[in-house]
Amino acid sequence: MTEPQDTPNPENDDVQGEGEQRQHRAIKSFVMRAGRMTEGQQRGLDQGAPLFVLPLADAPVDYDQVFGRSAPRTVEIGFGMGHSLLEMAAAAPEHDFIGIEVHRPGVGALLNGVLTQGLKNLRVYDTDAIEVLKRCIADNSLDRLMLFFPDPWHKSRHHKRRIVQPAFAELVRSKLKVGGVLHMATDWEPYAEYMLEVMNVAPGYRNQAEDGKCVPRPAERPITKFERRGERLGHGVWDLKFEKVD
Ligand SMILES: C[S@@+](CC[C@H](N)C(=O)[O-])C[C@H]1O[C@@H](n2cnc3c(N)ncnc32)[C@H](O)[C@@H]1O
């Protein structure tokens, strides 16, 4: 998990006691944070957004048209500063990648990388991934959905904010092709256990781990600076892969 690493501080995000209007708002897996923009990130937004950021649509998007070809398609939710997404997209020019992130400096950083590296196989949404999945992505259309180091929301009263929930599992399943894979990684063991609890009973999936738990670190997931440091300190990382079977 590279920057931003910390679970946002949601001191004021509890639904209870905040008035009726707030109570009816869907619980989000993120808190919007103000962040100072570096020059590169600002360049990414100024020059890259008009070219590579897609608008939230009201009907499934024809990505063959967006990318100008038909290719295997991967979505990453919450790409942070975009390091692993950039690396994966550069390493697999025959695949198309769609990144979704709400953190503006992260979007700027990714776009700056897309411009610098001249990548053609990457597009971005800068809004809530749940809305993007529901509104823009056609059913049975994705080969892979990646969720790397999602906010763990450590406190139990915040577990409802974790993006991995039964409804999320079902939403992702509806968007994957049969044979498509939901790949998750976390460095917080209790979140890995929670993911397993949710996913092992989610209909229509098969856990690809031989022991029904986690898979060995897959070579295709780039190792981040944060993870390398964690390894040195003896911290663990858990990868989970669930394949859509129907
Ligand atoms: C802990 S960070 C991890 C970032 C990155 N994957 C990494 O490994 O460095 C989680 C990221 O997910 C983003 N995020 C959380 N919920 C999201 C959602 N519903 N839609 C889009 N982005 C989301 C947050 O803004 C944050 O940048």
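Miscellaneous remarks
- Close pairs (6 angstrom Cβ cut-off, 6 or more residues apart or separate chains): farther than 20 Å from LEU110 by Cα and of a type in the set (Ser, Thr, Tyr) in the range 12-39, at pLDDT 70 or above and within 16 Å of the ligand (Cβ to nearest atom) anywhere: SER29/ARG161; SER29/ILE163
- Being touching a helix residue (DSSP H, G or I) at 6+ places or on another chain (Cβ under 6 Å) and not hydroxyl-bearing (Ser, Thr, Tyr) is a description that applies to LEU133.
- Members of the range 82-121 that are closer than 16 Å to LEU147 by Cβ, open to solvent by 30 Å² or more (accessible area, probe 1.4 Å) and either modelled with pLDDT under 95 or not in a helix (DSSP H, G or I) (or both): none
- With respect to (1) outside any loop (DSSP other than H, G, I, E, B); (2) in contact with a strand residue (DSSP E or B) (Cβ under 8 Å, 6 or more places away or on another chain); (3) within 30 Å of VAL66 (Cα to Cα), the lone exception for ARG221 is condition (1).
- Of the criteria (1) acidic (Asp, Glu); (2) surrounded by 12 or more Cβ atoms within 10 Å (Cβ to Cβ); (3) without any contact (Cβ under 8 Å) to a residue 40 or more places away in the chain, which one GLU227 fails: (3)
- Looking only at the range 154-212, and only at residues there that are hydroxyl-bearing (Ser, Thr, Tyr) and within 16 Å of the ligand (Cβ to nearest atom), the one that is farthest from THR224 (Cα to Cα): TYR194
The values are calculated or read from the model by the stated rules, or taken from the named source; none is laboratory data. All values reported here derive from a predicted model rather than from experimental measurement. Cβ sites come from the backbone with ideal geometry, for glycine too, and all protein chains shown count toward neighbours. With ligands, DNA and RNA removed, areas are computed over all heavy atoms of the protein, side chains included. Shrake-Rupley method; radii C 1.70, N 1.55, O 1.52, S 1.80 Å.
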